[in-house]
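The values are calculated or read from the model by the stated rules, or taken from the named source; none is laboratory data. These numbers were taken from a predicted model, which means no experiment stands behind them. Note: ideal-geometry Cβ built from the backbone for every residue, glycine included; neighbour counts use all protein chains shown.
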Amino acid sequence: MKRAADAKPSAHLLTVAEYMALDIDERTELLEGVVYSLLPKNEPHVRVIGMLSEILIPRLLDSPHMARFQEPLAVSGWHGKNAPEIDVAIVARKRYAVTPDASDSVSFIEVSDTTYRGKRGDRTYKIPLYVNAGVPSWIVNIPLRQVEFYGEPADLARKHGHVFTERDSFEILGIVIPVARLFDDEQ
């Protein structure tokens, strides 16, 4: 018979469905079944998200797609273990009971200032998760003032994917986004 002193604590990993049923007052995301608190947003991050919303929202109004900003998304489905808060998700325009999943998604954009690397970082964890779920993904890399594109798993082998500099533009659903506009210091 095991004694209580010999017992080891075990973690209960959540599914997306269990996570979405929780009433949490702070910004969190579910990664690998674990709920993590998110860092506060800083000004460069807020500015780039604002610029992306100014560009995308008007051009998607009459489209079968819409942009969702900084909301969790069930990347691997309701029984999966990942519901990251995606900075910008372009998804099918429809009413969702709770949140879309990868099958509803056209493209994801992560805005990365302090979250590029690390165990749960945008480049090291989130982008591979999205691309392997079949969703082409972008990183707005604020420190390097560039945008990186990862369209398929083979792109993950590249250090920065396909790079777009401030002289370039990139396109999502025919919407042209000038990279320089994202870093407009006049804001």
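Give me the residue from segment 124-164 that is outside any helix (DSSP H, G or I) and touching a residue at least 60 places away in the same chain (Cβ under 8 Å) and, out of that set, nearest to Ala74 (Cα to Cα).
Among residues in segment 124-164 that are outside any helix (DSSP H, G or I) and touching a residue at least 60 places away in the same chain (Cβ under 8 Å), the one nearest to Ala74 (Cα to Cα) is Val135.
Against the condition free of Cβ contacts under 8 Å to residues at least 40 places away in the same chain, surrounded by 17 or more Cβ atoms within 10 Å (Cβ to Cβ) and not basic (Lys, Arg), how does Glu43 come out, does it pass?
no
For the subset of segment 70-97 comprising residues that are hydrophobic (A, V, I, L, M, F, W, C) and outside any strand (DSSP E or B), which member is farthest from Leu60 (Cα to Cα)?
Going through the qualifying residues, I end up with Trp78.
Being surrounded by fewer than 16 Cβ atoms within 10 Å (Cβ to Cβ) and more than 23 Å from Tyr116 (Cβ to Cβ) is the filter here, so list the residues in segment 19-39 that pass it.
Passing the criteria: Ala21, Leu22, Asp23, Ile24, Asp25.
Restricted to segment 19-53, and to residues that are touching a strand residue (DSSP E or B) at 6+ places or on another chain (Cβ under 9 Å) and among the acidic types (Asp, Glu), which residue is nearest to Gly80 (Cα to Cα)?
Glu29
Among the residues of segment 115-126, are any of a type in the set (S, T, N, Q), crowded, with 17+ Cβ neighbours inside 10 Å, under 18 Å from Ile49 (Cβ atoms) and modelled with pLDDT of 95 or more?
The answer is no; no qualifying residue exists.
Among Tyr150, Tyr130, which is the only one that is surrounded by 21 or more Cβ atoms within 10 Å (Cβ to Cβ), hydroxyl-bearing (Ser, Thr, Tyr), within 21 Å of Leu39 (Cβ to Cβ) and at pLDDT 95 or above?
Tyr130 is the lone residue from the list that is surrounded by 21 or more Cβ atoms within 10 Å (Cβ to Cβ), hydroxyl-bearing (Ser, Thr, Tyr), within 21 Å of Leu39 (Cβ to Cβ) and at pLDDT 95 or above.
Scan segment 151-172 and tell me whether some residue there is over 25 Å from Leu61 (Cα atoms) and among the hydroxyl-bearing types (Ser, Thr, Tyr).
Looking through segment 151-172, at least one residue is over 25 Å from Leu61 (Cα atoms) and among the hydroxyl-bearing types (Ser, Thr, Tyr).
Among Leu156, Leu144, Leu61, Leu56, which is the only one that is farther than 28 Å from Ala21 by Cβ, crowded, with 21+ Cβ neighbours inside 10 Å, modelled with pLDDT of 90 or more and more than 10 Å from the chain's Cα centre (by Cα)?
Exactly one of Leu156, Leu144, Leu61, Leu56 is farther than 28 Å from Ala21 by Cβ, crowded, with 21+ Cβ neighbours inside 10 Å, modelled with pLDDT of 90 or more and more than 10 Å from the chain's Cα centre (by Cα), namely Leu56.
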